[in-house]
Amino acid sequence: MDEAQTLFRQGVMALREQKDVAEGRRLLTESLKLDSHNEMAWLWLSRTTNDPQKRMMCINRALKINPNNEQALALKQKYDGAQPAIAEDPITDDTPDSAPAALDGHAPDKRQEIRLHLKIADQLLEKEDVEGAIEKWVQVLEIEVDHEEAMRNAVRHLSRLKYMDDAKELVWRAIQSGTQHPSIYLTAIDIARYNRDTGEEDELLERMVQLPDIDDTVIADTVDRFFQSDQWTRAEDVLKAALETHPDSQKLLRRMGDLYEATGRKSDAMLYYDRAARLGAGTREGREADKKLAETPAVLTDRERGSMALAWREAAGFGVFYLLLAWHDAGLNLLSLGINRWAGVAISILGGYLLVTATSSPQQQPLAQLLGGEVPENPPETDKETPAYEEDSATKVGLIIEPTTLPIIPPLFRLLFAIGGLVLLGLAIWLVFGTAINLLLNPVTPPDLPSIYDYLE
């Protein structure tokens with residue numbers, strides 16, 4: 001009971017001193033939930049609404065508790081007959097504890113009450129009583145704070161009457177309550193745009209795109225807006241969050257590629273273009289992603305430079321070549337390769353790896369670091385955010401070279417690797433191609449064959 005009294009006093013102070021009708025109504029309603037027999041709370045609550053029906057309901061509730069309450073009697077006499085006959089009081093004297101619930105949206109049959117308010121609003125609108133209709137829509141929003149139809153109608157007509165602050169209050173109350181309706185956010189964004197509050201508009205856009213049921217087209221439009229205003233970080237944050245719930249959206253994957261391309265992160269851009277293109281080229285987004293892949297030059301990054309797996313993959317090419325030589329040397333019979341030829345194939349792979357390490361992959365990790373390598377200087381025109389661009393004049397194939405942060409194997413070790421690789425490859429040739437080499441070194445003279453004249457004799 002003490003809590004009810006505290007809420008009652010706070011509600012009165014909000015109305016009397018702060019002139020905050022919405023807060024006063026909320027506090028008084030909470031107080032009546034705890035103590036529905038507080039006649040003065042009912043009277044103060046009657047002051048928070050302009051609806052004659054609801055106002056008279058509150059006064060009657062106070063008189064039911066205390067028929068001799070002079071203030072209630074005076075107010076009843078003042079407003080007697082002002083209640084419209086358009087609808088009945090949804091709260092009757094037979095339900096003494098339901099009034100606070102009806103006022104704040106927790107009535108047992110709130111759907112019926114909402115339908116009633118919407119019907120009355122339509123009737124008032126037909127009679128050109130716009131403010132009366134607005135009051136009914138607001139009552140619906142008091143029951144269901146994010147009712148889309150009531151919100152749409154209330155905000156539209158409040159805007160026409162230039163009551164933008166009231167419209168904004170309704171929308172933000174729904175947002176702060178945790179609404180999941182994108183339409184509510186779009187309405188709030190329109191209001192922020194009308195007020196030229198770009199900061200609030202951007203904040204609403206970021207919050208809206210994180211809704212679980214938001215369409216990827218809306219997200220893409222939001223990202224495009226950030227693109228246009230060069231807000232790359234915000235666009236990236238939005239796309240990352242959206243791709244967690246829309247991982248197979250070509251629209252979002254392509255836009256992430258566009259973002260990374262615009263900010264110079266070519267390798268990341270290609271990754272997202274590739275993901276979008278793999279989902280199918282039958283859509284406009286898929287075709288655009290495929291086109292970007294064809295236009296975007298190859299990228300050399302530290303991921304490729306430092307990969308031992310890629311180096312061994314290149315070395316495997318030597319093994320395949322030597323295996324073909326061994327197969328040919330064994331008379332095109334794999335079962336006849338023998339131990340020496342198989343050993344030669346294995347040695348060719350090791351020799352190929354050493355040669356690749358010395359030439360095209362000298363920054364493998366952790367090998368380069370183990371051998372005491374140092375990070376090479378990047379070309380003067382490159383930095384971490386602006387990759388260098390080289391073009392092979394013969395092939396006209398572009399290559400984007402991202403700056404490196406990996407150490408490189410010292411020149412002496414690279415020379416030793418190259419020599420060792422060549423020696424191993426030479427040994428492997430001897431092992432896999434031994435028969436052919438022996439024939440080359442020791443050719444066999446074919447026996448003399450009888451000629452046709454011998455047969456004729």
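The values are calculated or read from the model by the stated rules, or taken from the named source; none is laboratory data. Note that the coordinates shown come from a computational prediction; the quantities given were computed from them, not determined experimentally. Neighbour counts run over all protein chains shown; Cβ positions are idealised from the backbone, glycine included.
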All positions within region 266-287 that are within 22 Å of Glu236 (Cβ to Cβ) and surrounded by fewer than 18 Cβ atoms within 10 Å (Cβ to Cβ): Asp268, Leu271, Asp274, Arg278, Leu279
Every pair of residues 6+ apart whose Cβ atoms lie under 6 Å, when the first sits in region 407-430 and is on the phi < 0 side of the Ramachandran plot while the second is outside any helix (DSSP H, G or I) and polar (S, T, N, Q): Ile408/Gln363
All positions within region 1-30 that are of a type in the set (Gly, Ala, Ser) and crowded, with 20+ Cβ neighbours inside 10 Å: Gly11, Ala14, Gly24
Any hit, region 31-40, residues being farther than 21 Å from Leu75 by Cα, touching a residue at least 40 places away in the same chain (Cβ under 8 Å) and surrounded by fewer than 19 Cβ atoms within 10 Å (Cβ to Cβ): yes
Single residue of region 190-240 satisfying the filter (among the aromatic types (Phe, Trp, Tyr) and in contact with an Asp or Glu (Cβ under 8 Å, 6 or more places away or on another chain)) that is surrounded by the fewest Cβ atoms within 10 Å (Cβ to Cβ): Phe227
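With the condition being closer than 30 Å to Asp129 by Cα, I'd like the helices (runs of 4 or more DSSP H) fully within region 146-258 carrying at least 2 qualifying residues.
Those helices (runs of 4 or more DSSP H) span 148-160, 164-176, 182-194.
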Residue in region 248-259 that is crowded, with 19+ Cβ neighbours inside 10 Å and polar (S, T, N, Q) present: yes
Gln180 assigned by TED's automatic domain parsing to the domain that holds Asp51 and in contact (Cβ under 8 Å) with a residue 60 or more places away in the chain: no
Residues (of a type in the set (Ser, Thr, Tyr) and assigned to a helix (DSSP H, G or I)) located in region 1-39: Thr6, Thr29, Ser31
Residue count, region 275-323 (criterion: closer than 15 Å to Pro362 by Cα and in a helix (DSSP H, G or I)): 12
Single match in Ile59, Ile65 (criterion: surrounded by fewer than 18 Cβ atoms within 10 Å (Cβ to Cβ), modelled with pLDDT of 75 or more and among the β-branched types (Val, Ile, Thr)): Ile65
Selection count, region 306-346, where residues are closer than 23 Å to Leu439 by Cα and either buried (at least 21 other Cβ atoms within 10 Å of the Cβ) or acidic (Asp, Glu) (or both): 6
Test: residue in region 262-274 that is at pLDDT 85 or above, closer than 30 Å to Thr198 by Cα and not in a helix (DSSP H, G or I): yes
Single condition Ala358 does not satisfy, out of (1) among the small types (Gly, Ala, Ser); (2) at pLDDT 90 or above; (3) surrounded by fewer than 18 Cβ atoms within 10 Å (Cβ to Cβ): (3)
